[in-house]
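A.B. asks: Okay, handing you the structure first.
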Amino acid sequence: MTPRTDVWLQNLQDERDGAALYEGLAAAEKNRERAASFADLALGERRHAEVWLRKLEKAGVTVPPDRASSRTRTLLWLARRLGTDAVIPYVVANEAGDADKYARQGGADATPMAEEERAHQSILTGLGGGRPLEARAAIATRERWHRSGRGGSLRAAIFGVNDGLLSNLSLVLGVAGAGTDSHGLLVTGFAGLLAGSFSMAVGEFTSVASQRDILTRQVELERRELAEAPEEEAAELALIFQQKGLSAEQAARTAAELLKNPEHALDSLVREELGLDPDDLGSPWLVAGSSFATFALGALIPVLPFLFLKGTVAVATAVGAAFVVLAGVGGLVGFLAGTPAWKSAARMVGLAVLAGGATWTVGRLFGAAVG
């Protein structure tokens, strides 16, 4: 083995990983067009892998079996359970890294691959929104309510309140079933509130911080491309404007005007090409704080009655208050989704009955066994 063949071997593994990932995403994707796009990307990665495989075999290097890395297998596991959109940002980052790697390596084989990897990155960015790139960019510009920021914040708030309420209600009912007195239930409820709120906050902080790092990297890559190849970026802007309805001459003139101010050009490229708002990449601290607050708000509802009432009356009041709020949250979700509010409310309350009933039963059995 030599340093050069070591590089080839790593390139081969990266391309095999990419092919396995895209093949898995194609299998997991329910939309036929998106699945076909993933399959096409997989073919490109396989072609790249063949290049490095032939070079290694010609050099007499023993090639390991074709087996996806643990990271690739993990991404596919997440994609199968959460959907392909959940992992696309990480795949985009992979393509950006591969493009940079091949650009550094240079040569007759690596240089063309760098361009192909950048093309893959652009395709993936378009797939990330579930729509073709030009349609997603146009909607994001003309119809602000389609952006994920506000809708995502509302969804997160509803989820936080619902999660806090249901989890703490179940906890309180489980301990109540074991025969704990009102003071013990109050302590348990507040302990559950704090534990759950901190857990949600830390989880959201980590998630958003990681996502922000990925998005920031994409913006910086676009900034570097604008500085190193302004003519190519001007052509991309002109193409975007043509897709929005401008003539070729108008699009070229508009792109040229934008390029006179690199920051304005970068803002337009990031918004239109990547579908991102460079001023709104998400604050980990803000998301963590809102997650803590919404979870705590929901978790407080089944605890409040124990501040003023005792015994069975307090438990019944906690259950009743929780069901009323859950029904309200469910109704709101149904209303926003355009479905019958009563069905969503009934579903929410029904699930709460199952969860609370199960924990109360376990607590009852545990309490009887210990007693």
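The values are calculated or read from the model by the stated rules, or taken from the named source; none is laboratory data. Quick caveat: nothing in here was measured; it's all calculated off a predicted structure. Ideal geometry is used to build each Cβ from the backbone, glycine not excepted, and the neighbour counts take in all protein chains shown.
A.B. asks: Within the range 207-225, identify whether any single residue is more than 30 Å from the chain's Cα centre (by Cα), acidic (D, E) and in a helix (DSSP H, G or I), and answer yes or no. Lay out the reasoning, then the answer.
C.D. replies: Taking the range 207-225 as the starting set, the residues that turn out to be more than 30 Å from the chain's Cα centre (by Cα) are none.
No, every residue in the range 207-225 fails to be more than 30 Å from the chain's Cα centre (by Cα), acidic (D, E) and in a helix (DSSP H, G or I).
A.B. asks: In the range 169-206, what count of residues is obtained for those that are outside any helix (DSSP H, G or I) and either among the basic types (K, R) or outside the structural domain of L307 (by TED's automatic domain parsing) (or both)?
C.D. replies: Residues in the range 169-206 being outside any helix (DSSP H, G or I) and either among the basic types (K, R) or outside the structural domain of L307 (by TED's automatic domain parsing) (or both): 0 in total.
A.B. asks: Have a look at D6, D40, D17 and point out the one that is under 21 Å from D98 (Cα atoms) and touching a Ser or Thr at 6+ places or on another chain (Cβ under 8 Å). Reasoning before the result, please.
C.D. replies: Details: D6 fails: touching a Ser or Thr at 6+ places or on another chain (Cβ under 8 Å); D40 fails: touching a Ser or Thr at 6+ places or on another chain (Cβ under 8 Å).
From the options D6, D40, D17, the qualifying one is D17.
A.B. asks: Next question. Is it true that A119 is surrounded by fewer than 20 Cβ atoms within 10 Å (Cβ to Cβ), at pLDDT below 50, outside the structural domain of G328 (by TED's automatic domain parsing) and among the small types (G, A, S)?
C.D. replies: Working: surrounded by fewer than 20 Cβ atoms within 10 Å (Cβ to Cβ): yes; at pLDDT below 50: no; outside the structural domain of G328 (by TED's automatic domain parsing): yes; among the small types (G, A, S): yes.
So A119 fails the test.
A.B. asks: Give the residue that is surrounded by the most Cβ atoms within 10 Å (Cβ to Cβ), with candidates limited to residues of the range 33-63 that are in contact (Cβ under 8 Å) with a residue 24 or more places away in the chain and not in a helix (DSSP H, G or I).
C.D. replies: V61
A.B. asks: Moving on to the next point. Taking Y102 as meeting all but one of (1) at pLDDT 85 or above; (2) over 17 Å from R4 (Cα atoms), write down the number of the exception.
C.D. replies: It is condition (2) that Y102 fails.
A.B. asks: Now for a separate question. Exactly one condition in (1) part of a helix (DSSP H, G or I); (2) of a type in the set (V, I, T); (3) at pLDDT 80 or above is not met by I240; state its number.
C.D. replies: Answer for I240: the failing condition is (3).
A.B. asks: Check the range 347-364 and report whether any residue there is within 19 Å of A191 (Cα to Cα) and in contact with a Pro (Cβ under 7 Å, 6 or more places away or on another chain).
C.D. replies: No, the range 347-364 contains no residue that is within 19 Å of A191 (Cα to Cα) and in contact with a Pro (Cβ under 7 Å, 6 or more places away or on another chain).
A.B. asks: What residue, of W285, W360, is modelled with pLDDT of 85 or more, outside the structural domain of S167 (by TED's automatic domain parsing) and part of a helix (DSSP H, G or I)?
C.D. replies: Values: W360 fails: outside the structural domain of S167 (by TED's automatic domain parsing).
The unique qualifying residue is W285.
A.B. asks: Right, another one. Identify, from the list T216, T206, T188, T180, the residue that is surrounded by fewer than 19 Cβ atoms within 10 Å (Cβ to Cβ) and in contact with a Leu (Cβ under 7 Å, 6 or more places away or on another chain). Spell out how you get there, then give the answer.
C.D. replies: Values: T206 fails: in contact with a Leu (Cβ under 7 Å, 6 or more places away or on another chain); T188 fails: surrounded by fewer than 19 Cβ atoms within 10 Å (Cβ to Cβ); T180 fails: in contact with a Leu (Cβ under 7 Å, 6 or more places away or on another chain).
Exactly one residue qualifies, and that residue is T216.
Conditions (1) in contact with a helix residue (DSSP H, G or I) (Cβ under 7 Å, 6 or more places away or on another chain); (2) of a type in the set (K, R); (3) under 30 Å from L166 (Cβ atoms), marked per residue:
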| position | (1), (2), (3) |
| --- | --- |
| G189 | yes, no, yes |
| S207 | no, no, yes |
| S210 | no, no, yes |
| I214 | yes, no, no |
| R217 | yes, yes, no |
| R223 | yes, yes, no |
| E228 | no, no, no |
| I240 | yes, no, no |
| S247 | no, no, no |
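A.B. asks: Out of the residues in the range 22-32 that are assigned to a helix (DSSP H, G or I) and of a type outside the set (K, R), which is surrounded by the fewest Cβ atoms within 10 Å (Cβ to Cβ)?
C.D. replies: Step one: filter the range 22-32 for residues assigned to a helix (DSSP H, G or I), giving 22-28, 32.
Within this subset, residues satisfying the condition of being of a type outside the set (K, R) are 22-28.
Details: Y22: 23, E23: 19, G24: 22, L25: 26, A26: 18, A27: 13, A28: 19.
So the residue we want is A27.
A.B. asks: Quickly run through the range 311-332 and pick out the residues that are more than 38 Å from the chain's Cα centre (by Cα) and over 15 Å from G356 (Cα atoms).
C.D. replies: Of everything in the range 311-332, those that are more than 38 Å from the chain's Cα centre (by Cα) and over 15 Å from G356 (Cα atoms) turn out to be G311, T312, V313, A314.
A.B. asks: Right, next: If we scan the range 69-76, do we find a residue that is under 12 Å from L12 (Cα atoms), modelled with pLDDT of 85 or more and crowded, with 17+ Cβ neighbours inside 10 Å?
C.D. replies: Looking for residues that are under 12 Å from L12 (Cα atoms), modelled with pLDDT of 85 or more and crowded, with 17+ Cβ neighbours inside 10 Å, one finds none in the range 69-76, hence no.
A.B. asks: Can you tell me which of (1) of a type in the set (G, A, S); (2) buried (at least 18 other Cβ atoms within 10 Å of the Cβ); (3) outside any helix (DSSP H, G or I) is the one A19 doesn't meet?
C.D. replies: Unmet condition: (3).
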